[in-house]
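Here is the structure we will look at.
A short reminder: the numbers here are calculations on the coordinates, not readings from a lab. All values reported here derive from a predicted model rather than from experimental measurement. With ideal geometry, Cβ positions are generated from the backbone for all residues, glycine too; neighbour counts draw on all protein chains shown.
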Amino acid sequence: MINDFKVKREILVKRLVDEGVLKSDKVIKAMLKVPREEFVLPSYRNLAYVDMPLPTMKGQTISAPHMCAMMCEALDIEEGDHVLEVGTGSGYHAALCAEIASSKGFVVTLEIIPELAFFAKNNLKRAGYYSRVSVIVCDGSQGPPFRENVRFDKILVTAAAPQVPKPLLYRIKIGGRMVVPVGRGFYQELIVVERLSEDNYVYRSLGPCLFVKLKGKYGFKEAEEG
Ligand code: SAH
């Protein structure tokens, strides 16, 4: 069964390379290593390497592998990077980031739903990433509950925001970048923000995408009910 997953993982990664989604050795290596089957609900394990989002709990999802790959490529995470994720979900994407940042780097991931944070912690433990990923329960749209001068090389937001959340912009190191889906409920664009200086940010779009809605202060009001 373990080999079976490994083979499926290799086939998926090859397809993502052929499709031009996966480009860099470091992201390819990480996608080949992190066991997505450990991050999906047990009843979906056989679908772990189908390129689609899967339900986790409380109406949330684990993103499709191509979307995780695209975001990691766009972030250009380097060894030793300090990475912040908003929207832990299953913990899979955080594990990918931790794999690329290596043991020299660190990942902090924020989750607003305590049950999902618990789910992710267990998944990260089983997959061997627990010591390199810190899962915190909070409203990540407001940034991490650390001092304001704690900044990150790379930030990823894995839920759709109505606008780029301001508190997260301040958390990007100069020379760093953030990827964030921005738009309406059922249509968003994946935005890359690069911070060139203290108050100079450059934005570009990587095209359309579809994420679950960000909750919290800088999220969608109606997401609170869902
Ligand atoms: N990155 C995840 C998938 C994320 S789905 C993975 O690899 O599996 C989006 C997640 O964002 C959900 O778990 C949702 O509960 C969480 N979320 C939504 N609004 C949030 C907020 N304001 N702060 C932190 N997490 C939030």
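Summary of computed values
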| item | result |
| --- | --- |
| Residue-span extension gain [Arg184 to Ser131] - 0.36 nm each, minus C-alpha spacing | 15.5 nm |
| Peptides ranked, highest mean first, by Cβ atoms within 10 Å: ranges 104-110, 122-128 | 104-110, 122-128 |
| Förster radius 25 Å - calculated FRET efficiency between Lys33 and Asn122, Cβ distance, rounded to 0.05 | 0.85 |
| Calculated on alpha-carbon atoms, Rg and Dmax of segment 1-73 in Å | 11.9, 35 |
| Relative contact order (%) - criterion: Cα under 8 Å, at least six apart; region: the chain | 15 |
| Counting all C-alpha pairs of segment 2-220, share separated by more than 25 Å (%) | 31 |
| Segments 185-194, 67-76 sorted - mean Cβ within 10 Å per residue, highest first | 67-76, 185-194 |
| Degrees, to the nearest 10: 92-101 long Cα axis against longest axis of the chain | 80 |
| Violating pairs (Cα-Cα greater than 26 angstrom) within the set Lys26/Lys125; Lys26/Lys166; Lys26/Lys217; Lys14/Lys121 | Lys26/Lys166; Lys26/Lys217; Lys14/Lys121 |
| Crossing angle, helix 2-18 versus the chain [Cα axis fit, 0-90 degrees, rounded to tens] | 50 |
| Phi to ³J(HN,Hα) by Karplus 6.51 cos²θ - 1.76 cosθ + 1.60 over segment 40-53, Hz, x for Gly, Pro | 9, 5, x, 6, 10, 4, 5, 9, 4, 10, 8, 7, 8, x |
| Between 0 and 90°, nearest 10: helix 65-75 axis offset from the chain longest Cα axis | 40 |
| Net dipole in debye of segment 1-145 [+1 Lys, Arg Cβ; -1 Asp, Glu Cβ; about Cα centre; nearest 20] | 480 |
